[in-house]
Structure formats: structure tokens, C-alpha cells
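What follows is one structure encoded as C-alpha cells, with my remarks underneath.
The values are calculated or read from the model by the stated rules, or taken from the named source; none is laboratory data. Note that the structure is a prediction, hence the values are computed from the model and not measured. Positions of Cβ are backbone-derived with ideal geometry, glycine not excepted, and every protein chain shown enters the neighbour counts.
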Amino acid sequence: MAVGSCSTEIQQRRVELVEDYSKHLTHLLDVLFNVGAVTEEDLSFIKGSAVRGERECMRVLLDVLNGRGEESCRAFLYVLPSVQDMTAKLGQATRHEHLKKHKDILARQHGLVDYLSIRRQTLGQDGSGCWTDITFSRQAGYALSSQCRHESAGVGDASRTRLDEICIFKDLYENLLCNPASGVNMLSGVAGSGKTMVVRRLVREWAAETNSSKTVLSLSFLELNLVTHEQSLQDLLSDHYIHLKPFLPELLNSNPTQFLLILDGLDEFCYPLNFEHTPKCSDPDRLQPIQSIVVNLIKGNLLPGMSIFLTSRPHAVTKVPPVLVSQFYSLLGFSVAQQKQYFERNCSSPEAAKAVWASVSSHKPLLLMCHIPAFCWIVSTTLHDGGSCLCPDTAGANSGENGGLEEANQSNSLLGPSEENSKPVTISEIYCCFVKSILLFHVQGRSEGSSLQHAPHILGEIQPILKSLGAMAFKGLLERRFIFESSDLNSFNLDNTKLSQVFLSEILKEDRASLTFEKGFHFIHTSLQEFLAALYYVLQLLSGSNPFSGLRPSTGRYIQNAFKQMASAFNKFSRPQRLFCRRIKKALRCGERHQSGHMDLFCRFVCGLLVPRTRLILNGFFPDGPKLHLLHCQRSPDPTPPFLLHLLHSQLQSSTLSPERKVNIYHCLYEAQDPGLSQRLQSWMKVLSQQALDQSCSVNRDWSELAFLLQLTPDLQVLNLDAQGLDADGLRRLLPVLPRFSTLSLGQNPLGSEGASVLSLVLRNPDCRIQRLWVVATGLGCEGLKILVEALKENRTVTDLRMAINKIGDVGAGYLAELLKTNRTLTDIRLRDNLVTDEGAEVLMAALKENTTLEYLWLFDNKLTKDGVKKLKEFANTRPNLDIKACV
């Protein structure tokens, strides 16, 4: 090597060396000092430049080496590769330790939580075996729905389309954590459907995985709501994951595809997302508003290649443009089998689980609500821990005060035998028992016997605090707020109360400027917020007070307008009775204003709590002398205030009420224990039978109403909707109840291929009981038949298929032939007048050589020749158990 070549090389590579080796400076100085390339004085001189950063120290080192001569420069170049390798190995080991610590921290943060700690058993430390499987549907992207639907219609198969693919948690896990670039994935589910539990399970199973190729970062939008100042993504993640702070910049910049970022609860995000006008930003160190960070993350501007998993309630899904979503998952909730499994796992004994399941399965509205996992938890807590809450307060009161109550209620078959066993039946009764069991057994910490004995006294003592909590909940509902600040609790005198600590969950965010923590609070479930709001509203009504008077004047424009309206009501109506009714109307209008359905349960709870029998569960909470003259219920055998039923029925007559809003009115009628629901169903059945005979008149049917009423009749096995003008949209509205019937007759309705898509969902439902499917003259055609056949390949219940006059032709006969080669359930197929020729008959006969279970095949009035009919009869003679009917 020529003299001066090493120093020359260092000068030529100066920029590269400063850029790439400054981060290895500490170890590099130690090695150079050990080999004698630099002296102790040199080290002091170099480290004296540290105030100006590592890069400046590196420049000083290169200058020192150049001054020391060729030998020192040669030693530097010689040790350079080994220093880099050794630093990298040490960095990897340290990084591995920090990532392991990160897994442990996230696993603890996302552990199984029993918020109220009122169950007798304790959950396992590792959480193994505690997860009840839940069903998802999956599709590429999502389509914007032109139909405004509320959340109660979004559980089970009601939210599915034919393009959806059924999947389980394992499929979700593999897509998010094993797929190197899974893009933006979104999970939609109604409140309480298990979105956060899916996130918890995802994080815990990732933390238990030793060979995971991705690192999970999890944030909730409730936490992001607390970020009120501009911040960089780098600082946001570093503040949230302090244990990763030394390595996070390097990790994020090296390969963003190795990260999965979970953003939980998009519907709870209080800032607007503007995907069109938000400035593009690809610099993680740039300060920007929190909503801009979210937009740039989802659009892939920040950390391109990072996988993102969003969760949201259905009404907020559209905040993210469909084009940005690669995979869209929907939580379908618990199937009936999964509900039963949940109760078995969450009750302390098989006997308790059996008793809870018997109560739930005998009441269809409860069974329907138990599609939602959070409601299963509430029902389990109510019937298992507080199921006896109803008995001491209501059973005796009913027998002593209303001698004819039991007899009157027995005529109401839709409400079930609740009065016989004093078990809660309506959703309002369930939540009353739920809240009561918490107040008595958790807050008070007393034994069941003594708490029930002193329940009225305890509820009376707690009433002021619970009323304040309900007022805050009501204010939050009106302002569409689900997160509250410490100032909100202070304004309602709820700070430092044990009751608020039970019903509210707390989240913390560090304020770096003041070195303090900002607190945020939210109810443990949104349905509980709606119930407590309704509890407050009804309490104010029965006390003769204005429900809005308990709110503070700082409640915003909406509340100020409400005060003005209520003031005009005072002036216009001097009679308390009219004012009372007007306030009830105002509560119901709250639900109408919000098409997303976030106040639907509030309306149902208000109606339920106006029923004296329901309020008796919380005996002691309501005033001793309620204004019975306002309720029009002078202790008559009828348990429901007549004015309430009249108000609800009058709303049903409105010509502007959408089918979705009508469904909620019917839920309100059920909560109000309307004895006329069963009569309305009978009227429906009568009208259907008459309409089937007279097809000359065209009537618009409210199929949503029929679907609701059918949910309340568990014994009905046959549903005959022949010639009712039922189209695919109407069939979809009936989707939640169709699987439960053994006979489904839909003849002479314009269903078409879209209707076949709906029927395919019914046939694939794990709870499907349909044995006889009659779709005569429904316009299925070849395309519709093909869709049905694909579903029948999976179905194991349908034995009788009648589909005359559908123009399926030989192509459709071929689809049926393919079905018969594998299906061993069908015993009767009737294909009269379907344009099938000899060719189609030949295909069917070939398939029947493999199928030995079919007993009837009717081919009357098709395009068969004499030879074709002859061949069919000859084939039938070889199969004594097969009856083939055909004619020319």
C-alpha cells in the first residue's frame, strides 16, 4: 500500500464515515484506544465535542487520526468492520430484550378483565381456555350502503352479503400477523359485539408466539382523544411505549412492514377525518394534529407498508374511504351454540349455566340480543349473580297489590311466563337486575340475603349519586359523547365516589408540559350509559321535574335549544299530565334524530321503565309516591300505562317513519309489555292468508315489522308467504327469523337471483332448521338456482325442494345433477314446467346412479319427448324407492 493511502481513503470517505459510523462512536473509541491508535488526551478532546452531537465527535476523530499519521489511519480502517459487527450484535441482543419486555407489557395490558369483579370464580392467569369463539365474515373492501340501518339489525346474518366469506379468529390472526403486507384491515361490529375482546385476544396470542415476524403496537381512539396539541408520530409512539424509545426510531425507519398498528374504537374518535384535504406527510418527526397523523397512517403516507387494524361500530365505518380498506371483517356475534358455550364457561357450575341458558333460550328477544357477547355477560351476571333480585321486590308486590295481574299477563303469550317464575324477560328488566346486583353485592359488599332484605333502603341511599351519574350519561348521549373528563365528574359531584368507579373505566394520558396525568372516563359499556340515562330521565318524570333541568348550562347548543323548547312547553301546557306526555314524546324523538341508532336503546329503556312492574325491581330508588295520575295506572290489572301504548301506536301510523325506525318502535312496545303484540301478529297471519287468495290488489308490506313479531313466537313452524309481492329486499329484512322455520313457502314472489342470494345465507346459517323449501314461480332462473345449489351443498336440513316454473332449463338441471352427486339429505325435488328437455333428463339420471337417497323427482310439463319420458320410466323401474313423474 502506498504511503498516505489510508489517510487519503479516510478523507475520501469522510461523508460516508460520519453518516454511517457515528452511532458506533463509543465502541470505536474504546477499540482504538486499546490498540494505541489514539491517546487518552485524544479521547478527552474528542468527547469534548459531544455537546454538538455524535456526528461532530466523529468529524473530530477523523481529524485526530489524520494528524496522527498513516499507522493510526490504517488501524482505524482495520477495526472498522469488526466494530460495526460487534455493535450490531450487541444492539440486536438489547433490542430482543426490549421487544420481549414489550410483549410482556402488552400482554398484561390486554389481559382478560372482569370490570366489576362480582363473579365468584377467578379467571386464569394466562387466560387460556377463557375465549369463546366468535364468527366473522370477510370481504375485500366494503361497499357503502344506501340503506340507513340501525345497529340492532347488524348482528347475525342480517349484516351479511353473498360475497362475504365466513372465517374464524385464526384466519384473522394469520392475515394480520403472518401476511407481510396486509394493508389496512377494518373490523366492524355493533356495541358489545366483541371488537375490543378480539383485540385483546390478538395481542395476547401474539405475545405468546415466540417466532412472530411482526411487532404489535396498540392504541385506542379513546386515548388519542386526549391528545389536544400537535405531536409527531415518533413522539406519540415513544410516549406510549417508553420502553421502546431507544430503538423505536431505528425500528420504524428500517422496515415498517414488520409492524402491526392496532387502532381500536374509530367510532369513539372525537376529531373529524378529512382524507381529501389533509396535507400529505411522510415524516414521522413532523408535528401535526392527531387527526392528520391518523389520516396519513391509513393512507400509507406515514410508515408505508405498515399493517393497520381498525375497529369500529358500523355507523363510523364510512369515515374511512372504501378504496383504502384491503380486508373488511364483520363480527356476526355468537351463534346459538356459542351463546350456550359462553354461559357454560362463565358460570360457576354446570347447574347455574343450565338455569341461565334455560331462561335465555325460552325468550326469543333475549336470545336475539345474546348474539352480542357483552349482552351475554350482562345476562350472565344478572341471572347468575342477581337473578333473585326480581323475586323479593316484585313477586310479593304483585300478588299483594294486583290480584288480577298474573291472570291478565297470562293472556300475553309474547311476554312468556315471566310472572310465574319472576325471572326478567324484557331488556329493561335485565338491566334493572344487572344494576341492582352490582349496587347490592359489589358496591355494598354484603351477602345476598341481607342485601335483598335491605334493598329498598340501600337503593334509597344511593339514589342521589346514581341520579347524578344518569344525568351525566344523558348529557353525553345528547352531545354524542362517550368519554368524559374530570371536570364533568366534578360538575355532577361524582368525583371520588365508589359508584362512579364501578360504572366508569379510567384512562390516563401524561401531560409532559405540567408533568401530570390527564384523566378520561367512559362507561364500561355504551348500553349501560343509555340505561342510566333512561333511569335518570324516568326518575325526573315521575318526580314531576324537567329532565333537562338536571343538566348544566354549558351543555352546548343542542341542550340550550332543548331548554327553549321545554320552556315553550311550560307556557303552552299548564296541565302536568300533558307536559308529562310531551316529555315522553321528546325522549322518543331523540331516537328519530339519530339514524345511526345510538339512542335506540335509550328509547326502549324509557318505555320499559315506565312500566310499574319493571320499576319495582328497583324499589326504593324511585319516589315513594309516584304521580300515578300522570301514568294513568290506578293499580289496574294492566301493567302498562295506556298513554304510552297509545303514543307508540300513533307513531306507527306515521307515513314518514322508515322501516328501520318502526322496528325500534316495536322494540319499545315489547319493553312496554304491550298485550296487543300477539293480536298484531294474528292480524298479520290473517292478512297474509287473505292476500294469498286475492292477488288482484297490491299492498306494501312492512316486512321489518313481521320479522320482529315472528321473533316473539317460538312455536310457529310454518311460514307461508306465497303471492305476497315479497322481493329480495323484503326477504333480507326477514333474514333473522327465516332459519328457525321447518317449512318456508315463498311461491309466486319476485325474488330473482338476489332473493336466491338471501336464501343462500339462510341455508348456510348454522342454526338453520328448514326442511321444506318451496320457491315455486319466484323467477330464480339458472343464475338463482346456481346460487341455491352452492348453499345446498353445505346445508344438511332441507329434504323437500319445490321450484316449479322457474325456467331453469337444461343448464339448471345440470346444476341440480352436480348437487345430487354429493347431497344425501334431499328426498323430494319437484321441477314442474322448467323447460327441461331430454338432455337435462339424461344428466339427472346419470347423477341419480350415484344418489340413492332421493325418493321423488317430478318433471311434469317440461320439454320432454316420448323417448325421454320412456327412458325416465325405465330408469325408475330399476329404482323401486324412486318415484319419477313425467309427461310429454
Original post:
Since ASN66 meets every condition but one in (1) within 60 Å of the chain's Cα centre (by Cα); (2) modelled with pLDDT of 80 or more, which condition does it not meet?
Top reply: (1)
Original post:
Among ALA804, ALA846, which is small (Gly, Ala, Ser), in the same structural domain as LEU761 (by TED's automatic domain parsing) and within 20 Å of SER760 (Cα to Cα)?
Top reply: ALA804
**OP:** For LEU233, indicate whether it is surrounded by 17 or more Cβ atoms within 10 Å (Cβ to Cβ) and within 19 Å of LYS103 (Cβ to Cβ).
**Re:** no
Subject >> Where ASP239 falls short, out of the listed (1) of a type outside the set (A, V, I, L, M, F, W, C); (2) farther than 22 Å from ILE524 by Cα; (3) touching a Ser or Thr at 6+ places or on another chain (Cβ under 9 Å) >> reply: (3)
Original post:
If ALA723 passes every condition in (1) under 32 Å from the mean Cα position of the chain (by Cα); (2) farther than 16 Å from LEU788 by Cβ but one, which one does it miss?
Top reply: (1)
**OP:** Return the residue satisfying two criteria in turn: it lies in the stretch 769-798 and is buried (at least 18 other Cβ atoms within 10 Å of the Cβ) and of a type in the set (Val, Ile, Thr), and of such residues it is nearest to LEU854 (Cα to Cα).
**Re:** VAL798
Original post:
Just to be sure, is LEU266 more than 20 Å from PRO304 (Cβ to Cβ), in contact with a helix residue (DSSP H, G or I) (Cβ under 7 Å, 6 or more places away or on another chain) and among the hydrophobic types (A, V, I, L, M, F, W, C)?
Top reply: yes
Original post:
Name the helices (runs of 4 or more DSSP H) wholly within the stretch 578-637 that hold at least 3 residues that are within 26 Å of SER312 (Cα to Cα) and at pLDDT 85 or above?
Top reply: 600-609
Original post:
Condition test on LYS519, is it at pLDDT below 85, touching a strand residue (DSSP E or B) at 6+ places or on another chain (Cβ under 9 Å), assigned by TED's automatic domain parsing to the domain that holds LEU459 and of a type in the set (Lys, Arg)?
Top reply: yes
**OP:** Mind listing just one residue for me: the one in the stretch 849-888 that is assigned to a strand (DSSP E or B) and over 51 Å from the mean Cα position of the chain (by Cα) and, of those, modelled with the highest pLDDT?
**Re:** LYS863
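Here is a yes/no grid of residues against (1) within 23 Å of GLU19 (Cα to Cα); (2) in a loop (DSSP other than H, G, I, E, B); (3) at pLDDT 65 or above; (4) not charged (D, E, K, R):
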| site | (1), (2), (3), (4) |
| --- | --- |
| LEU32 | yes, no, yes, yes |
| ILE46 | yes, no, yes, yes |
| LYS100 | no, no, yes, no |
| ASP114 | no, yes, no, no |
Original post:
Is it the case that THR394 is modelled with pLDDT under 85 and farther than 20 Å from SER193 by Cβ?
Top reply: yes
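This table checks each residue for (1) among the hydrophobic types (A, V, I, L, M, F, W, C); (2) touching a strand residue (DSSP E or B) at 6+ places or on another chain (Cβ under 6 Å); (3) in a helix (DSSP H, G or I).
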site	(1), (2), (3)
LEU252	yes, no, yes
PRO279	no, no, no
ASP283	no, no, no
ILE293	yes, no, yes
ILE308	yes, yes, no
HIS315	no, no, yes
TYR329	no, yes, no
LEU332	yes, yes, no
LYS340	no, no, yes
**OP:** Pick out the one residue from ASN402, ASN421, ASN412 that is over 32 Å from the mean Cα position of the chain (by Cα), at pLDDT below 80 and surrounded by fewer than 17 Cβ atoms within 10 Å (Cβ to Cβ).
**Re:** ASN421
**OP:** Quickly run through the stretch 821-848 and pick out the residues that are of a type in the set (A, V, I, L, M, F, W, C) and part of a helix (DSSP H, G or I).
**Re:** ALA841, VAL843, LEU844, MET845, ALA846, ALA847, LEU848
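Listed here are the residues, each with its yes/no results for (1) buried (at least 23 other Cβ atoms within 10 Å of the Cβ); (2) within 30 Å of ALA140 (Cα to Cα); (3) of a type in the set (Lys, Arg).
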| residue | (1), (2), (3) |
| --- | --- |
| SER307 | yes, yes, no |
| LEU310 | yes, yes, no |
| HIS315 | no, yes, no |
| THR318 | no, yes, no |
| SER330 | yes, yes, no |
| ARG345 | no, no, yes |
| ALA352 | no, no, no |
| ALA355 | no, no, no |
| SER362 | no, no, no |
Original post:
Tell me, which residue of the stretch 48-60 that is part of a helix (DSSP H, G or I) and farther than 20 Å from SER7 by Cα is modelled with the highest pLDDT?
Top reply: GLU54
**OP:** Determine if the stretch 830-841 includes at least one residue that is touching a Gly at 6+ places or on another chain (Cβ under 8 Å), closer than 18 Å to GLY752 by Cα, crowded, with 19+ Cβ neighbours inside 10 Å and of a type in the set (Gly, Ala, Ser).
**Re:** no
**OP:** Pick out the one residue from LEU273, LEU260, LEU303 that is under 23 Å from the mean Cα position of the chain (by Cα) and part of a loop (DSSP other than H, G, I, E, B).
**Re:** LEU273
